[in-house]
Each structure stands twice: as C-alpha cells, then as structure tokens.
1. When only the heavy atoms of the protein chains count and the probe is 1.4 Å, how do 128, 238, 288 rank by accessible area, highest first?
2. Mean separation of Cα pairs under 8 Å and 6+ residues apart, divided by the residue count of region 143-285: what relative contact order is that in percent?
3. Which of 303, 105, 190 ends up with the largest GNM mean-square fluctuation for the chain, with Cα atoms connected below 10 Å?
4. Run the simple label-point estimate for residue 273 and residue 141 please: 7 Å along Cα→C-beta, distance reported in nm.
5. Give the ranking of 54, 285, 1 by solvent-accessible surface, highest area first, calculated with a 1.4 Å probe.
6. Could you state how much accessible area residue 188 has, in square angstrom rounded to the nearest 10, with a 1.4 Å probe and all protein chains kept in place?
7. Taking only C-alpha pairs under 8 Å that are 6+ residues apart, what is the relative contact order of the chain in percent?
8. Would you be so kind as to identify all helices of the chain, as entire DSSP H runs, whose Cα atoms reach 18 Å or more along the helix's own axis and whose mean Kyte-Doolittle hydropathy is at least 0.0?
Amino acid sequence: MSLLDATLREQAAAVAGGDADPAELLAAALSRIEDRNPSVNAIVETFPEQSRQMLAEAPSGPLHGVPVAIKDEWPLPWRAERLAAAEHVGPAPRPGESGPYRALRDAGAVIVGVANMHEYGSGSTGHISTYGPARNPWDTERCPGGSSSGPGAAVAARLVSGAVGADGVGSIRYPAAYCGLTGLKTTFGRSAMSGHHVAETTTIVSGPLCRDAADCRLLGGVLFGEELAAGEPDGLRIGTVPGELWDDCDPQVIAACREALEALREASGGTVTEVDLDGREHVLMASILIGQTEELASVTPGRVAALGDDVSLIARALLRYRLLIPAVISKASRVRTLVRHSLAELFELVDVLAWPTVAAPAPPLDNPTVEVPSGAYPADYVNPRQAGIANLAGIPAVSVPVGTTSDGLPVALQLLAAWGRDELLLDAAEALERANGRRWVDATPPLAA
C-alpha cells in the first residue's frame, strides 16, 4: 500500500519518524494527481516548484512534509483565488498569505494543489464550475457535493489525505456526506479566516475534510492554531428533532442514520431524547438569505450586468436576485437571534443534536435532483434545510459516514454541538467509528481501490 493511502496522521508520523522521505511523498502525490485526477477533476492546478519550496522551508510542525489540498477560495502567495468562476463580481482577487495558507505553512504542511469548487461557492452539489465539475469518486457521474467539491473529491480519491474547505451554508458537510468523508464545520471565529474575499462574513468558516475524525482533529487543530484535545463522550445526551429533518429523507438514509444513532448511544452509555427549537420553520430561508448575501457590499448592479456568457446562467440569475433582497435581511437576522437563544437553551438539556447530513444520496451531475418522501426537488433546496442552522447560529457541526445505499453511495449522520464544543463533536465521531468497527471511514471508493 502506498503511504498516500494512509491517513493524514499516519503520513505525518511516518515523516516525523524518519520512515518516509517527504520529498518522495510529494513526488508520489503529484504523480497520483496526474494519473487519477482526470477522472474526478478535483485538483484544478498544481505548482510543483512552489510545493517543493514549501517543503524545503517547512518547519517541524504537526504536518511536516505532508501534502494537502486547499479550496479555490483562498489566496496563496503565488496564486489568487478564482472561486471556480470565469469572472469576478467584486474587487479583483490578488495573491496573498491567507489565514489557512499561513496555518498550513507554519504546521510544516505542503500545499500540493488547489481544489475545485462550485462556481462562486453558490451551490451544494459542485456540478457547476468554470473548470468543469468535480466528480464523485464513488460514482463519477454523481455530484461530489459543494461548494467544497474539489477538497471532498480529492480526499475520497486518495489524492491527498486532508484538504481545507470552507463552509458557509453546509459547504464542507455536503461533500463529506456525498463522498463518504468526515467534515468539520468549525465554530464561527475559531479557525483561520484572514484573506477571505468576504472579509465581514458572519457565517463562513474554514475547516477540514478528511478520512476520519482523528485526521479532522489534527488538521482542524492546525487551522485553529491549537491542539484539539481528545476525550471520551461518556453519558452523551443526544437530541433528535421531529419533522422534516428526519422524516423527509430517503428511507435508506433514515435507516442508516437511526442505526448509527443507536450505536453511538450504546457506545457512550448515553440517551436519545426528542427535542425541538423555536424558529425551526424559518431556518432554511434565513440561513440562505444571510449566507448568500454577505458579499453584496462589494457587488454593484453594473458589475453583475457586465458578466458574460462564460459565467453560468444560474450564477448570473442568482446574483441579480440577491441584489433585490437586502430589505428582508433584517427579518432573517431576527430569526437568527431567536434560533441562537433556543439552541442555547437546548444545549442545557442535550450535548449534541443529530439528524442526517443530507436528505438523499449524491444526485446525478446532469440532473442534481433528489427524491425524498415529499417529492422530487433540486438538491440545492433540500440540503440547506439540513445544514444551514449551524452557519446561522455559528455552532460547530460534523458530518460522519454511517453507511451506503443499495447503489453504493455514502450516507452520513450530522452531529451539532454548542458554541465552542468542536472537540466534543470529534470525540462523538470517534466513538461512532469505534462502534461500527471503522467500517465506513475505512471504506474505499471503487476509483481508489
């Protein structure tokens, strides 16, 4: 087995222990990207010279000599972010030292490539990109999830064992769910964010996409600038919410998530209690309104009108729509306040909330529609219902693989915790991995087998 097929922490340990040559590991990663990436289109640019320079100058940090990928949402000293778009509607991006870049550099990591994403970060599927869509390694005719589509596809295809994404309305958790990975949406304000094109964001965070929770703990700690301590989630109090978050999901998704929930309860010696929160019926719209309009300060009608046909019709229409809705943002902000207060009260009663990360498995790239009990809908309508609340409230959430459908597509359970309790989520995710014998985090898609 190639060291590239090992976990992020195993690669780091091999390099630190002298059992692996980091220069050879970098060369192997570049070679695998060249060979395997055409099937998934996860990596949109490599830069061997700059990667080798990073390695030559790498300090002896926790990721010394380990290759990683970074989403096309972050500037690098030698490359400006492009947001997988043919044109920009705000100020022209510039190369620079973004917060995630500095965090990776200071940890000794080597950025081996820039990963694809959904155009402008405006979708949960990844099926639109100026580079062409990234593809799901479990079925390359399926969506990998967005907007961090490239980081998800890259890790699932074993091009790298860890990648940095961004999550504004679920954009780390959707690719984690569709690609069978563990993805951590961090507590707002904890992870490195400087240099992001939406400087005043109140929803977007950087975060890790990895094979398992321990790797997310390692890469997340790098982005946090602190070690994330591990513990045992003994007596875990798990809350489930009634209604569409569970009931309006694909039956196979419900079954796998219910089974995982019971396994977690038993493994932790905990309890499962049904709870509810105020304002739940407004979360979907409020999270989208706030999350999708934060960059309007740098957008003008003239810039939007000047966009050419090389920008997708959907993106141009959405941008025009966003310019019309600032007046309702105040109502969405009131919903946010209501939900934050309600969640604070709930987390006095339970330690984590749990429901499926996405309501249905990855849809086809050529028709990103999902079937749920209430009908057929665009995935971009159904997915934010499941994930938007974490960004609206700023709380952490983790997506954990818990099964596959009869078509061999991954299924994921989402866990959410109170503000600042990222470590608890990773503890719970690791407990769930142990409970199912690591069956799902160690599963390999056919393309990478």
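1. Values: 128 30, 238 0, 288 55 Å².
Output order, biggest surface exposure first: 288, 128, 238.
2. Working: 216 pairs, mean separation 26.8, N = 143.
Answer for region 143-285 is 19 percent.
3. 303
4. Result: 4.8 nm between the two label points.
5. On the way: 54 15, 285 110, 1 190 Å².
Correct descending sequence by accessible area is 1, 285, 54.
6. 60 Å²
7. Details: 1093 pairs, mean separation 81.1, N = 449.
The value is 18 percent.
8. Details: long enough: 22-40 (26 Å, -0.03); 251-268 (26 Å, 0.13); 329-349 (30 Å, 0.18); 379-393 (22 Å, -0.14); 422-435 (20 Å, 0.03).
Qualifying helices, which must be both long enough and hydrophobic enough, are 251-268, 329-349, 422-435.
The values are calculated or read from the model by the stated rules, or taken from the named source; none is laboratory data. No experiment lies behind these values; they were computed from the predicted model shown. Don't worry about glycine lacking a Cβ; one is built from the backbone with ideal geometry, like all the others, and counts go over all protein chains shown. For the accessible areas, the whole protein counts, side chains as well, though only heavy atoms, and no ligand, DNA or RNA atoms are used. Shrake-Rupley method; radii C 1.70, N 1.55, O 1.52, S 1.80 Å.
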